[in-house]
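Read-outs throughout are calculated quantities, based only on the coordinates presented, and are distinct from any laboratory measurement. Here the structure is a predicted model, which means the values were calculated and not measured. Backbone-built Cβ (ideal geometry, glycine too); neighbour counts: all protein chains shown.
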Amino acid sequence: MRSMLGILVAAVILIAGSSVFVVNESQTAILTQFGRIVKSGYAPGLHFKLPLVQQAVRFDRRLQTLDSAPENYLTSEKKDVTVDFVVKWKIADSAKFFTSVGGEEDRAQARLASIVRDGMRTAINSRTLQEVVSSARTDLTQTLVRTANVATQNLGMEIVDVRIRRVDLPQESSVLRSVYERMRSERKQVADSLRAEGNEAAERIQADADRQVQVIRADAYRDAQKARGEGDAKAAEVYAASYGKDAEFYAFYRSLEAYRESLQGGNGVLMLDPDAEFLRYLRDSK
């Protein structure tokens with residue numbers, strides 16, 4: 001009797017335990033019965049189901065990451081590029097997700113990778129190499145998210161973001177050399193432009209400096225001539241004043257100045273008449 005009671009209690013506990021299930025904060029769930037979906041979109045918390053007949057299937061509703069391996073694509077110019085991208089996605093409809101991929105994340109990742117690669121190929125094929133590697137690739141990824149989400153609606157998945165982590169040129173491709181040559185040519189043009197601007201500025205500064213030198217010299221010559229003229233005028237005034245006070249002494253002084261100018265050096269020859277006025281003071285000195 002006691003054994004039967006124990007079996008009955010165990011059966012009740014088993015049935016009661018199998019009639020409830022818990023959905024965590026990071027999960028969503030569906031309820032199936034004989035493989036058919038009975039209800040979906042369970043919120044986090046405690047829920048009830050028919051024991052032994054219905055099964056609760058839980059899914060992670062947080063953001064998931066698809067890290068794709070680098071793939072080769074062709075631009076609109078038929079140039080090879082290697083693109084490495086990452087996809088952020090989540091389960092948007094748990095029922096569709098279960099129906100399309102059986103609730104298996106590996107299958108979902110494979111389907112999603114194929115969709116994103118096809119969209120990436122289409123997007124890159126319609127753009128030039130410069131657009132792919134420049135800031136225009138933000139528009140590329142936004143367009144890719146929109147088009148890829150249309151394709152994943154039936155899969156119950158939503159692509160939140162696609163990021164291109166790296167864009168490389170194949171090492172064996174001639175594009176790499178042409179890109180380097182173009183970059184070198186562009187840098188050379190910039191350098192030549194800067195060098196021309198520097199030469200122009202240098203010539204402008206040199207011309208301005210030469211003009212200032214000419215102005216300074218002209219001002220200095222003017223001031224010198226003015227000072228010399230004032231000096232000569234002052235000297236003439238002094239001479240005139242001296243002549244007015246003692247004409248004989250003034251004549252004697254001027255003769256001495258003339259003697260000094262004429263006889264300096266010691267190698268010159270001066271031929272004059274002994275009675276010449278120029279030698280008057282030499283004669284008178286006896």
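Below are the figures for this structure:
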quantity	calculated
Neighbour cut-off at most 12 other Cβ (10 Å), DSSP loop, GluC sites (Glu not before Pro), segment 72-109	GLU77, GLU104
Calculated FRET efficiency for the pair GLU197/ASP139, C-beta based, R₀ 30 Å, to 0.05	0.30
Net length gained if the chain between GLN206 and ASN154 were fully extended (0.36 nm per residue, minus Cα distance)	11.2 nm
Loop-located trypsin sites (Lys or Arg not before Pro) in segment 36-140 whose Cβ has at most 12 other Cβ within 10 Å (DSSP)	ARG62, LYS78
Karplus-derived 3J(HN,Hα), 6.51/-1.76/1.60, for each residue of segment 44-57, Hz, glycine and proline x	x, x, 9, 9, 10, 8, 6, x, 6, 9, 9, 10, 9, 10
